[in-house]
Amino acid sequence: MTKLFITGASGFIGGYFINVYQDKYSIQAFSFLHDEIEALHVKGVDAVLHLSALVHQMGGASEEEYERVNVAQTLHLAQKAKASGVKQFVFMSTIAVHGEDRKAIDENTACAPVSPYGKSKLSAERELLKLEDEYFKISIIRPPMVYGKNAPGNIQSLTRLIQKLPVLPFGGIHNKRSFVYVGNLCHLVNEVLMQQKSGTFLCADDAPLSTTRLCELIAQGLGRKVWLIRIPFFKTALKLLKPAMHQRLYGNLEVDNTASKNTLSLKNPYSTEEGIKLMLQNETK
């Protein structure tokens, strides 16, 4: 049985992965918040799955803090893993390394991160690749927004709005944004580990959604009737007053991960509709 070392095991993605795949691996968990990295022991471990990270902070975080957590800690962990004979290091990066408001992102799209989070993840990727050799494989996974049971972030906030308000100003939005259900993401992670594949892999549900369509699917899953309307000047006002929120609601971020799926001979086990239903039913399968 493969011995797998996981950071961020108590988080949203880590918790799902362990729940579904615990019978396939002998799992050792590590927390940067509660465990001491200097005492870290990874002898006899086959692979590391590094999920722990400092993600987008609503209140803001300094670039130095992103650098410390997402780059320095990652590199330190990878160096210890390589020195201990670990064969594979799987790093959970982000589609944000490609920038924002992009169409048709694929594995060959140039990286142009805008946020401190995206910049720190790209820096970590580049440092990790310097460690790679024939005995130490680096696998990088770049997901867009991940959703599912207990997912933090914007989809949870949108779900709460739809639960509370019968009318929302999100009608007639025709953008294209890719998301990934946590079950599809963890399926890809498992394949990367089982096949011991190195390289960079993009992960996404099969089709992007507009913000309007996303709201419709959430409302359907909740069994609620919601009127999505267009309010004159709402889009313009939001862009002036809340540019980050405007980008999330109206911007494009479309991922084409055909090459990654072909490399792994992989098909997503869940459609977006199924993923949203599972998220709203509080089920993990």
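The values are calculated or read from the model by the stated rules, or taken from the named source; none is laboratory data. Because the structure is predicted, anything quoted here is derived from the model rather than measured. With ideal geometry, Cβ positions are generated from the backbone for all residues, glycine too; neighbour counts draw on all protein chains shown.
Here is how the numbers come out for the structure above:
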read-out	value
Scope the stretch 83-97; condition touching a helix residue (DSSP H, G or I) at 6+ places or on another chain (Cβ under 7 Å) and assigned to a helix (DSSP H, G or I); matching residues	Ala96, Val97
Residue tally, condition part of a helix (DSSP H, G or I) and loosely packed, with under 13 Cβ neighbours inside 10 Å, over the stretch 223-243	5
Residue that is surrounded by the most Cβ atoms within 10 Å (Cβ to Cβ), among those in the stretch 4-28 that are out of contact with any helix residue (DSSP H, G or I) (no Cβ under 8 Å at 6 or more places or on another chain) and farther than 12 Å from Asn190 by Cβ	Gly14
Hits in the stretch 144-202 (condition: within 13 Å of the chain's Cα centre (by Cα), among the small types (Gly, Ala, Ser) and either at pLDDT 95 or above or farther than 18 Å from Gln247 by Cα (or both))	Gly148, Ala151, Ser178, Gly183
Selection count where residues are touching a helix residue (DSSP H, G or I) at 6+ places or on another chain (Cβ under 9 Å) and either assigned to a strand (DSSP E or B) or surrounded by 14 or more Cβ atoms within 10 Å (Cβ to Cβ) (or both), scope the stretch 244-255	7
Close pairs (6 angstrom Cβ cut-off, 6 or more residues apart or separate chains): under 13 Å from Lys176 (Cα atoms) in the stretch 200-228, loosely packed, with under 15 Cβ neighbours inside 10 Å anywhere	Ser210/His174
Some residue of the stretch 97-105 being of a type outside the set (A, V, I, L, M) and touching a Phe, Trp or Tyr at 6+ places or on another chain (Cβ under 8 Å)	no
Some residue of the stretch 256-265 being surrounded by fewer than 18 Cβ atoms within 10 Å (Cβ to Cβ), in contact with a strand residue (DSSP E or B) (Cβ under 6 Å, 6 or more places away or on another chain) and more than 22 Å from His98 (Cβ to Cβ)	no
Any hit, the stretch 8-24, residues being under 22 Å from the mean Cα position of the chain (by Cα), assigned to a loop (DSSP other than H, G, I, E, B) and without any contact (Cβ under 8 Å) to a residue 40 or more places away in the chain	yes
Residue check, Glu36 among the acidic types (Asp, Glu) and crowded, with 17+ Cβ neighbours inside 10 Å	no
Evaluation of Gly44 against (1) surrounded by fewer than 14 Cβ atoms within 10 Å (Cβ to Cβ); (2) assigned to a helix (DSSP H, G or I) (one fails), failing number	(2)
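So that you can scan it fast, the table gives a plain yes or no per residue for (1) of a type in the set (Lys, Arg); (2) within 24 Å of Lys277 (Cβ to Cβ); (3) crowded, with 18+ Cβ neighbours inside 10 Å; (4) in contact with a Pro (Cβ under 6 Å, 6 or more places away or on another chain):
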position: Ile140; (1), (2), (3), (4): no, no, yes, no
position: Leu161; (1), (2), (3), (4): no, yes, no, no
position: Tyr181; (1), (2), (3), (4): no, yes, yes, no
position: Met194; (1), (2), (3), (4): no, no, no, no
